[in-house]
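Q: If you scroll down you'll find the structure; I have some questions about it.
The values are calculated or read from the model by the stated rules, or taken from the named source; none is laboratory data. Values in this document were obtained by computation on a predicted structure and should not be read as measured data. In this analysis, Cβ positions are derived from the backbone assuming ideal geometry, glycine residues included, and neighbour counts consider all displayed protein chains. Side chains are part of the model used for accessible areas, which takes the heavy atoms of the whole protein and leaves out ligands, DNA and RNA. Shrake-Rupley method; radii C 1.70, N 1.55, O 1.52, S 1.80 Å.
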Amino acid sequence: MENFSEFELQGTAPQRNFSDIIGHAFNTYVKIIGWSILVTLLTVVVSIIFSAISGPLVGYNALESQAEMEELMRDGSFASGNFVSAMMGIPGYMESILLSTVLSLLMYPVYAGYVNAMHRANTGQNVSLRDFFIGFRQNTLQFIIFGLIMAIAMVIGLMLCVIPVFFIIPFFFLGIPFILFENAGAIDALKKSFSTAGSNYGTILAVSFVSLIITVAGIILCGIGILLTAPFFYAAMYSVYCAYFGVPRETQTVAR
C-alpha cells in the first residue's frame, strides 16, 4: 500500500489562473510524453483484445452491427428516433456494451497513474511504467466507485443534448487527485471536488474544457492522435490540484 508521507518535495505549482495552469500542465506533460503514449497504447490494445474476445461470447458481430447501422441511417430510422431501439435489438449489442462498461470501470485506476506520473515528473523524480499502475495498488475500489459515479453523470449529460457534459466535468475534475494524494474515499473526494469547483468554477471550467478539446482533437487526427493528446487531460487535472492545494507530498510504501 502506498501513501503520501509528511515531507514536501521540490516541485512547481501554477498560479490560480487559466494560462498559468495550462502552461504548467503542458510543461509537466512533455516530460513524460513518451511514457504516456506507451500506456495509452497499452490500454487501447487491451480494449481491442477484450472486444475481440467478448464479442463472440455474447453473439455480437461488429461488422454486422456496422452494416445494420448504415441501413438504419439510409432508411431514416436515425432521424425518426427509432435508431437507439433498433440498435439495442441487434444480437449481443447490449451485452457487448455492458461488458465494455465493466472493462472501462476496471481500468479506471490507470487514470490515477497518469496523475501520479505527472507528479513524479514535476518533482524531478524518475518515471517508470510501474508508476502508471499505482491506482491498482492503492485505493483501487475507490477509483472504480468514483469512475462509476462520474460515468452515470456523464451519461445523463449526454442524454441532455451533450452540451451539459462540459459544465458537469469541472465538478469531477479533482476527484482522482483527492483519492490519490489524500487517500480520500470516493464520496469524500467527490464532495471536495464539488466544493473546489463551486468556489473556482470559471477557471476550472476553462481548464477542463480546453483539455477536453485537446483530447478530442487527437481523435480527429485520424484517431491515432488520441495517443498523444489524451494524457494531457490528466496533466491539466494535476496542475489544477497543485494550483489550489500545493505540490502533493512524496509517496512512500508503508505496511498495512
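Q: Within region 216-228, track down each residue that is open to solvent by less than 50 Å² (accessible area, probe 1.4 Å), under 21 Å from V30 (Cβ atoms) and outside any helix (DSSP H, G or I).
A: Of the residues in region 216-228, the ones open to solvent by less than 50 Å² (accessible area, probe 1.4 Å) are 217-218, 223, 225-227.
Adding the requirement that they be under 21 Å from V30 (Cβ atoms) leaves 217-218, 225-227.
Selection gives G225 alone.
Q: Specify which of the listed residues (I156, I144, I152) is open to solvent by 30 Å² or more (accessible area, probe 1.4 Å), part of a helix (DSSP H, G or I) and in contact with a helix residue (DSSP H, G or I) (Cβ under 6 Å, 6 or more places away or on another chain). Even if it seems obvious, please write down each step before you answer.
A: Numbers: I156 fails: in contact with a helix residue (DSSP H, G or I) (Cβ under 6 Å, 6 or more places away or on another chain); I152 fails: in contact with a helix residue (DSSP H, G or I) (Cβ under 6 Å, 6 or more places away or on another chain).
Among I156, I144, I152, only I144 is open to solvent by 30 Å² or more (accessible area, probe 1.4 Å), part of a helix (DSSP H, G or I) and in contact with a helix residue (DSSP H, G or I) (Cβ under 6 Å, 6 or more places away or on another chain).
Q: Related question: Looking at region 129-184, which of the residues that are among the polar types (S, T, N, Q) and in contact (Cβ under 8 Å) with a residue 40 or more places away in the chain is nearest to T101 (Cα to Cα)?
A: Checked region 129-184; the qualifying residue nearest to T101 (Cα to Cα) is Q142.
Q: Of all residues in region 171-210 being outside any helix (DSSP H, G or I) and small (G, A, S), which is surrounded by the fewest Cβ atoms within 10 Å (Cβ to Cβ)?
A: G185
Q: For V240, all conditions in the list (1) in a loop (DSSP other than H, G, I, E, B); (2) within 23 Å of N122 (Cβ to Cβ) hold save one; what is the number of the exception?
A: (1)
Q: Restricting attention to region 97-126, report how many residues are part of a helix (DSSP H, G or I) and open to solvent by 20 Å² or more (accessible area, probe 1.4 Å).
A: The total comes to 13.
Q: Based on this model, can you work out whether I213 counts as among the aliphatic types (A, V, I, L, M), outside any helix (DSSP H, G or I) and surrounded by fewer than 20 Cβ atoms within 10 Å (Cβ to Cβ)?
A: no
Residue-by-condition table, conditions (1) under 16 Å from the mean Cα position of the chain (by Cα); (2) farther than 22 Å from I32 by Cβ:
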| residue | (1), (2) |
| --- | --- |
| F132 | yes, no |
| Q142 | yes, yes |
| M150 | yes, yes |
| I163 | no, yes |
| F166 | yes, yes |
| F173 | yes, no |
| I179 | yes, no |
| G185 | no, yes |
| A189 | yes, yes |
